[in-house]
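Just below is one structure, and these are the notes that go with it.
The values are calculated or read from the model by the stated rules, or taken from the named source; none is laboratory data. The structure displayed is predicted, hence computed values, not measured ones. With ideal geometry, Cβ positions are generated from the backbone for all residues, glycine too; neighbour counts draw on all protein chains shown. Surface accessibility is based on the protein's heavy atoms, side chains included, excluding ligands, DNA and RNA. Shrake-Rupley method; radii C 1.70, N 1.55, O 1.52, S 1.80 Å.
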Amino acid sequence: MKKNALLAGTALAAATAFAGGEARAANLTLCWAAWDPANALVELSKDFEAQSGHSMSFEFVPWPNFADRMLNELNSRGKLCDLMIGDSQWIGLGAEAGHYVKMNDFFDANGIDMGDFIPATVAGYAEWPKGTPNYWALPAYADVVGWTYRRDWFERPELQAEYKEKYGRDLRVPETQAELKDIAEFFQGREIDGTTVYGAAIYTERGSEGITMGVTNALYNYGFLYENPEKPYDMEGFVNSPGAVEGLEFYKALYDCCTPPGSSDWYMSETIDAFKSGQAALQMNFAFIWPGVNADPNVGGDRSGYFPNPAGPAGQFAQLGGQGISVVSYSDNQDAALEYIKWFAQPEVQQRWWDMGGAPALQAVVDAPGFAESQPYAQAFLDSMAIVKDFWAEPTYAELLLAMQNRVHRYVIAGEGTAQEALDALVRDWTEVFEDDGKL
């Protein structure tokens, strides 16, 4: 509590200095993952440099190494990063371990209202504890798992006729998980333009977070819950409910029936490659890839389409991605870092962020007339952000994630045991983590 009070005071002092124009020129280092949105942010940040007199450096780490590299930096109290665009699951650790500066006083002093941002991004990227008005980040990049499909294949008359004869409905964007699997099976092993194609490129990666970020898109929609809504950390009968078991069985069936050969350890880059090379009719991936797909010479334009994760028997949900931007409490440049936060929060900057391939979380941008028609994927982005759920954001999230990666991969990919056994074991694993953490 003393540390949090100290950090809040630091934020207020920085806010006061900035408001009075006393912030010194600084060289800020922003740390994030190495991906297309980061390249866009480099370009966007040139405006900040020109307006503020500060200079910007960037430390971008490939996604498979991002968490290890940056969490080690935070845990060692390193001074490399002044600004951190950390994963949504880090927010609890960032707050409780004192890695991030609490933003409330700075937001209040500078007219930044969390009510102006997409609610799911505030809850996912900024709040800790969840459900309380305690903010440790500004929503920076709104992201969610969705689907890309080969629209040009769907529109071929001969395939439409064959699909309708077989399934009794039109070949169109799936509305349910079951319809998605039917479409994937329909395309699996089919020859199109002299090439054998496959149904769906999905997340299966074991080493970091891949299969968890994939399987939750089935689990949520079949009834999986992380805990009893009436009793925190009570997981028995929720993580391993009958619906959750059915959802895990569905994901394994989708993997077994309808994925490209050799796809047992795939995450974002592999599914992108499979889709862009013409191997897959459907691609699961975070929405950040949609601008690149749309611009791709092989699959872009009218050749591809986009849709939110389809509903299941228990509702329609999608795995939240994305990140908030935080000021690192060990930075010697907190005044300038907070100045960057204020600049980034401006509506005109958020609009340019969208125009350049970013994903803003500001309601004024996404609610503006014409936004849904501004890009071919804009409506799918809006629909997807309205149905998000997220993984645990506990300070012990890394241990929780490793346990789920292990249990799910062993069942879905390696074929070990049953779905019930996998989820029962996961409840035991997570119970042990929370017991060691003093939560149980």
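Things to note:
- Relative contact order of the range 308-411, defined on C-alpha pairs under 8 angstrom at six or more residues apart (%): 32
- Length gained on full extension, residue 43 to residue 132: 28.6 nm, using 0.36 nm per residue less the C-alpha separation.
- Take every Cα pair under 8 Å whose residues are at least 6 apart in sequence, average their separation, divide by the length of the range 250-307, and the relative contact order is 24 percent.
- Candidate lysines - alpha carbon under 20 Å from residue 102, same-chain residues fewer than 8 apart omitted: 2, 3, 79, 130, 342
- Using the alpha-carbon positions of the range 33-96, Rg (one decimal) and Dmax (whole number) come out as 13.0, 35 Å.
- Using a probe of 1.4 Å, the accessible surface attributed to residue 24 totals some 130 Å² when neighbouring protein chains are kept in position.
- For the range 62-115, taking Cα atoms only, Rg and Dmax work out to 12.9, 38 Å respectively.
- Contour excess over end-to-end distance, with Cα ends at residue 166 and residue 97 and 0.36 nm allotted per residue: 19.2 nm
- Length gained on full extension, residue 176 to residue 440: 91.3 nm, using 0.36 nm per residue less the C-alpha separation.
- Zone residues, the range 299-338, relative to residue 55, backbone N less than 20 Å from point 7 Å out along Cα-to-Cβ: 331-338
- From the coordinates of this entry, Cα Rg over 2.2 N^0.38 Å is computed, and it appears in [x] 1.00; [y] 1.11; [z] 1.32 under the label [x].
- On Cα atoms only, tilt of 334-344 relative to the major axis of the chain in degrees: 50
- Here the chain is treated with +1 on each Lys and Arg Cβ and -1 on each Asp and Glu Cβ, and its dipole about the Cα centre works out to around 240 debye.
- For the chain, built as a Gaussian network whose Cα springs stay under 10 Å, the top-fluctuating residue of 372, 201, 318: 372
- Calculated [θ] (222 nm, deg cm²/dmol) that DSSP helices of n ≥ 4 give over the chain, each run adding -39,500 (n - 2.57): -14000 deg cm²/dmol
- Between residue 24 and residue 155, the distance separating the two model label sites (each 7 Å from Cα on the Cα→Cβ line) works out to 6.0 nm.
- Near residue 29: Cβ cut-off under 12 Å, other residues only, Lys/Arg at +1 and Asp/Glu at -1. The net charge is -3.
- Förster-model FRET efficiency, 22 Å R0, residue 79 and residue 108, C-beta, rounded to 0.05: 0.20
- Placing one equal scatterer on every Cα of the range 157-289 and applying the Debye formula, the log10 ratio I(q)/I(0) at q = 0.11, 0.19, 0.20, 0.22 Å⁻¹ is -0.45, -1.10, -1.18, -1.32.
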